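Engineer: Before anything else, here's the structure in question.
The values are calculated or read from the model by the stated rules, or taken from the named source; none is laboratory data. Predicted, not measured: the structure shown is a model, and the values here were computed from it. In this analysis, Cβ positions are derived from the backbone assuming ideal geometry, glycine residues included, and neighbour counts consider all displayed protein chains.
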Amino acid sequence: MTNIGDIKEYLVSKKRNFVSDVRLRPSDETIMIYLNQDKVGTKANSEVTSILQLNNLKKDLVKQFSKNVEIIFVQNDRQQELESGFYQMLNRKFHDQIVSLYVSFKNESMVDAFIEASNLTSQLESDVSKHFKKILEDADLKIGIIYWLSSPSDLPSLPAILRALKILQPINLQTMAAHMQESYKSVSDRWLRNKLDQLRKKGLVIWQKDSETYTITNMALRFVPAGTKRNSSDIERALALGKRKW
């Protein structure tokens with residue numbers, strides 16, 4: 001599990017003093033980097049950063065910690081209080097379907113939002129967007145872009161990914177993502193690539209560069225259920241291989 005202290009220490013070592021706070025989104029451990037909007041200039045110097053430097057920081061953190069990274073721009077020290085208020089108002093309206101909410105200021109009057117919801121549907125997106133827009137208008141703010149995330153209840157666990165990989169290996173990212181989406185509609189290529197990279201660093205998955213395919217290691221086999229039952233991963237793999245021959 002990613003440790004916030006490690007991230008903060010890494011930022012200090014890189015002299016990224018413009019970062020005011022670091023949080024982890026609990027569901028997927030996305031790193032949320034907070035900084036005051038007045039710390040962003042057209043060019044980076046000892047006092048301010050730049051959009052280019054922030055983009056490079058995101059890439060650096062992704063490489064270092066194998067986690068997605070989002071930048072949150074704040075207007076003042078009341079940012080967390082503001083997010084908490086919006087979060088509570090949305091949950092009262094939508095019966096606790098909002099799992100997390102982060103707000104990033106584009107300028108003094110417009111905000112982007114990162115909203116995670118359980119059982120996310122297009123209708124829920126539309127209803128939440130309309131209600132959130134009204135909430136922001138009451139606060140003299142306008143909505144920019146809403147970035148949606150479905151709750152992890154609609155995403156596979158690491159053992160489930162290993163089990164699927166054992167059946168289908170060797171397999172490329174796009175084909176495996178399509179397979180996982182049959183049971184978990186919120187799986188994306190980016191999300192799956194991140195999880196497979198985590199498994200690779202743990203010595204459980206091998207990335208075949210020449211064929212651009214993934215396979216599991218012998219060490220991973222102890223995480224994957226197997227046996228003589230009709231739905232065991234070994235039997236499913238035999239069936240999958242049979243289907244390929246057809």
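Engineer: Can you tell me how many residues in the stretch 87-108 are touching a residue at least 24 places away in the same chain (Cβ under 8 Å) and touching a strand residue (DSSP E or B) at 6+ places or on another chain (Cβ under 6 Å)?
Structural biologist: 10
Engineer: Taking the stretch 115-124 as the region of interest, how many residues are outside any loop (DSSP other than H, G, I, E, B) and either without any contact (Cβ under 8 Å) to a residue 60 or more places away in the chain or farther than 21 Å from Val69 by Cα (or both)?
Structural biologist: Of the residues in the stretch 115-124, 5 are outside any loop (DSSP other than H, G, I, E, B) and either without any contact (Cβ under 8 Å) to a residue 60 or more places away in the chain or farther than 21 Å from Val69 by Cα (or both).
Engineer: If you don't mind, another one. Any idea which of Lys8, Lys59, Lys43, Lys67 is basic (Lys, Arg), under 22 Å from the mean Cα position of the chain (by Cα) and assigned to a loop (DSSP other than H, G, I, E, B)?
Structural biologist: Working: Lys8 fails: assigned to a loop (DSSP other than H, G, I, E, B); Lys59 fails: assigned to a loop (DSSP other than H, G, I, E, B); Lys43 fails: under 22 Å from the mean Cα position of the chain (by Cα).
Criteria check complete, one pass: Lys67.
Engineer: Filter the stretch 66-115 for residues that are hydrophobic (A, V, I, L, M, F, W, C), out of contact with any Lys or Arg (no Cβ under 7 Å at 6 or more places or on another chain) and closer than 15 Å to Ile135 by Cβ and give the result.
Structural biologist: Leu82, Phe86, Met89, Leu90, Phe94, Ile98, Leu101, Val103, Val111, Ala113, Ile115
Engineer: I would also like to ask the following. Answer with yes or no whether Ile71 is within 23 Å of Val111 (Cβ to Cβ), hydrophobic (A, V, I, L, M, F, W, C), touching a helix residue (DSSP H, G or I) at 6+ places or on another chain (Cβ under 6 Å) and in contact (Cβ under 8 Å) with a residue 24 or more places away in the chain. Talk me through it step by step, then tell me what you get.
Structural biologist: Numbers: within 23 Å of Val111 (Cβ to Cβ): yes; hydrophobic (A, V, I, L, M, F, W, C): yes; touching a helix residue (DSSP H, G or I) at 6+ places or on another chain (Cβ under 6 Å): yes; in contact (Cβ under 8 Å) with a residue 24 or more places away in the chain: yes.
Yes: the conditions hold for Ile71.
Engineer: Please determine, by comparing only the residues of the stretch 176-190 that are part of a helix (DSSP H, G or I) and in contact with a strand residue (DSSP E or B) (Cβ under 9 Å, 6 or more places away or on another chain), which one is surrounded by the fewest Cβ atoms within 10 Å (Cβ to Cβ).
Structural biologist: Looking at the filtered set, the residue picked out is His179.
Engineer: Please verify whether the stretch 124-133 includes one or more residues that are among the basic types (Lys, Arg) and surrounded by fewer than 18 Cβ atoms within 10 Å (Cβ to Cβ).
Structural biologist: Going residue by residue through the stretch 124-133, those that are among the basic types (Lys, Arg) are 130, 133.
Cutting the leftovers down to surrounded by fewer than 18 Cβ atoms within 10 Å (Cβ to Cβ) gives us 130, 133.
Checked against the condition, which is being among the basic types (Lys, Arg) and surrounded by fewer than 18 Cβ atoms within 10 Å (Cβ to Cβ), the stretch 124-133 yields at least one hit.
Engineer: On the basis of being modelled with pLDDT under 65 and of a type outside the set (D, E, K, R), does Val187 make the cut?
Structural biologist: No.
Engineer: Oh, and also: Do you know which residues across the stretch 24-40 are under 27 Å from Ser151 (Cβ atoms), of a type outside the set (Ser, Thr, Tyr) and more than 13 Å from the chain's Cα centre (by Cα)?
Structural biologist: Selection gives Ile33 alone.
Engineer: Which of the residues that make up the stretch 125-143 are outside any helix (DSSP H, G or I), closer than 15 Å to Met89 by Cβ and touching a Lys or Arg at 6+ places or on another chain (Cβ under 9 Å)?
Structural biologist: If the condition is that a residue be outside any helix (DSSP H, G or I), closer than 15 Å to Met89 by Cβ and touching a Lys or Arg at 6+ places or on another chain (Cβ under 9 Å), then Ile143 is the only one that fits.
Engineer: Residues of the stretch 144-170 being surrounded by fewer than 19 Cβ atoms within 10 Å (Cβ to Cβ) and part of a strand (DSSP E or B), which ones?
Structural biologist: Across the stretch 144-170, the qualifying residues are Gly144, Ile145, Ile146, Tyr147, Trp148.
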